[in-house]
Every structure is written in C-alpha cells, then in structure tokens.
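The values are calculated or read from the model by the stated rules, or taken from the named source; none is laboratory data. Being a predicted model, the structure only gives us computed values, none of them experimental. Cβ atoms come from the backbone with ideal geometry, glycine included; neighbour counts cover every protein chain shown. We work out accessible area using only protein heavy atoms, side chains counted, and drop any ligands, DNA or RNA first. Shrake-Rupley method; radii C 1.70, N 1.55, O 1.52, S 1.80 Å.
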Amino acid sequence: MSDVNLHADVMARIRIVEGDITRLRVDAIVNAANSSLLGGGGVDGAIHDAAGRGLLDECRTLGGCPTGEARITGGYQLPARYVIHTVGPVWRGGDRDEDALLAACYRNSLALAEANGIETIAFPAISTGVYGFPRERAARIALATIYEFLASHDLPERVDLVAYGSEAHEILAHAWAAKAEEV
C-alpha cells in the first residue's frame, strides 16, 4: 500500500465527535482518571456517575494507576462494554515530560484496547480540564499518537475523539485537518 493510501486509510479510522462520551455506543470509552481511579470531577465523575456503583467497586480492586499507564474495567450501566482508565499528566509548563506522558496515555489505552479485541473506542481530551494541559497542544499529541498506533495495528478499527462543546470540537477538528494534510 502506498504511503498516500495508508495515510488516507488511517485518517478515515479517526473521527471527531461532539457530545457526551458517557452516551456513546462504542466498545470502550476512555476515562481521564486520577491516579486513585476512584472517581473525581469532570469526565471522570461523569463516567463514574453514569456507570453506577459497580465501576467504583471494580476500580477499588485495581490499586490505582500511574500517570501515562492504563487499566481496563467493565462498563456497567454505560452503553460501552468497557472503560479504559488512563491518568494524564498535570501541566507544569511543558518541561516535565508532559508531552511524552500524554502520548503514553493514548498509546497505552490503544494497546489495551487491541489486547482486548476492542474495535471501537472513544477518547475525551485527556488532561485538558483541571489538569491544565493546553488544548491545542494536547489535540496535536493525541492525533499524532493515535495515527502512529493505527498505522501499524488493525485494532481498534475506529477511534472517536470526543469534544464536549463547540470550542473543543473546533480545536480537535483543526488538529485532525492539519494531520490529514500531511502526506
């Protein structure tokens, strides 16, 4: 397959979706969790609320998760069968390996999805809420990491980047378009 065809095929597997990640009908959603995995604010709290008590009970058995790594649980009352929890870096100015740690969140989540036969997965904008990661920078890292993974793996077949709100959607769509222009 030519580089141009591979590029087009990989980009076709990545979608930008505006909406509520807890309502998506995909095999797995990714939770931008804190290291305890026991719930918190933002998307983490929304996922725990929507999934119900079973998610918290299972997360208690996992012993937490270090920044950049990922863990998988059932989806409980969510439409998604699984939740992949990953802990993004707190933004501290960009000189404490934040970019590499954020990329690791996406890469490790995708590897866990592949290992579990997950065909469709949805990601929130990891670390861009209370953790303060600049949203445009995070979007570029997400797209580059997802692209690199999908270029050499058959699963997941589709990756949705979920924007909560029109401004977040615009940022992700711009990053997707910039990545799509690369050949």
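Taking a label point 7 Å from the Cα of L62 along the Cα→Cβ vector, which residues of the range 95-132 have an amide N closer than 17 Å to it? Flagged as within label range: 102, 104-118, 121-127.
Please report the net charge: other residues with Cβ closer than 13 Å to the Cβ of Y76, K and R +1, D and E -1.
Details: positive: R53, R81; negative: D49, D57, E58.
Counting the neighbours of Y76, the net charge comes to -1.
The residues packed around E114, meaning those with a beta-carbon under 11 Å from its beta-carbon, carry a net charge of -2 if Lys and Arg are +1 and Asp and Glu are -1. Expressed as a whole percent, the proportion of Cα-Cα pairs in the chain lying more than 19 Å apart is 54%. Peptides 24-33, 97-106, ordered by how many other C-beta atoms sit within 10 Å of their residues on average, highest first, read 24-33, 97-106. Calculated accessible area for the chain comes out at 48 Å² per residue, all protein chains present (probe 1.4 Å; ligands, DNA, RNA ignored). Rounded to the nearest 20 debye, the dipole size of the range 15-82 about its Cα centre is 140 debye, using +1 on the Cβ of Lys and Arg and -1 on the Cβ of Asp and Glu. Protection proxy ranking of 155-161, 112-118, by the mean of other Cβ atoms within 10 Å over each peptide's residues and highest first, is 155-161, 112-118.
Could you order the peptides 48-61, 138-151, 3-16 from most to least packed, using the average number of other C-beta atoms within 10 Å per residue?
In descending order of packing, they fall as 138-151, 48-61, 3-16.
Per-residue ellipticity at 222 nm from helix content only, as computed over the chain with -39500 (n - 2.57) for each DSSP H run of at least four residues, stands at -13500 deg cm²/dmol.
Magnitude of the charge dipole for the range 60-183, about its Cα centre and with charges confined to Cβ atoms of Lys, Arg (+1) and Asp, Glu (-1), is about 460 debye.
Net charge in the neighbourhood of W176 (other residues with Cβ under 13 Å of its Cβ; Lys, Arg +1, Asp, Glu -1) is -2. Averaging the sequence gap over all C-alpha pairs within less than 8 Å and six or more residues apart, then dividing by the number of residues, gives the chain a relative contact order of 29 percent.
Of L37, G132, A144, which is farthest towards the positive pole of the chain's charge dipole, taken about the Cα centre with +1 and -1 on the beta-carbons of Lys, Arg and Asp, Glu respectively? Going by the Cα projections, it comes out as L37.
About the Cα centre of the range 1-137, what is the dipole size in debye to 20, counting +1 per Lys and Arg Cβ and -1 per Asp and Glu Cβ, all else neutral?
260
Dipole orientation for the range 76-123: of the candidates W91, A113, A80, A80 has the Cα lying most toward the positive pole (charges on Cβ; Lys, Arg +1; Asp, Glu -1). Taken as Cα centroids, the range 24-48 and the range 64-103 sit 9 Å apart, rounded to the nearest whole angstrom.
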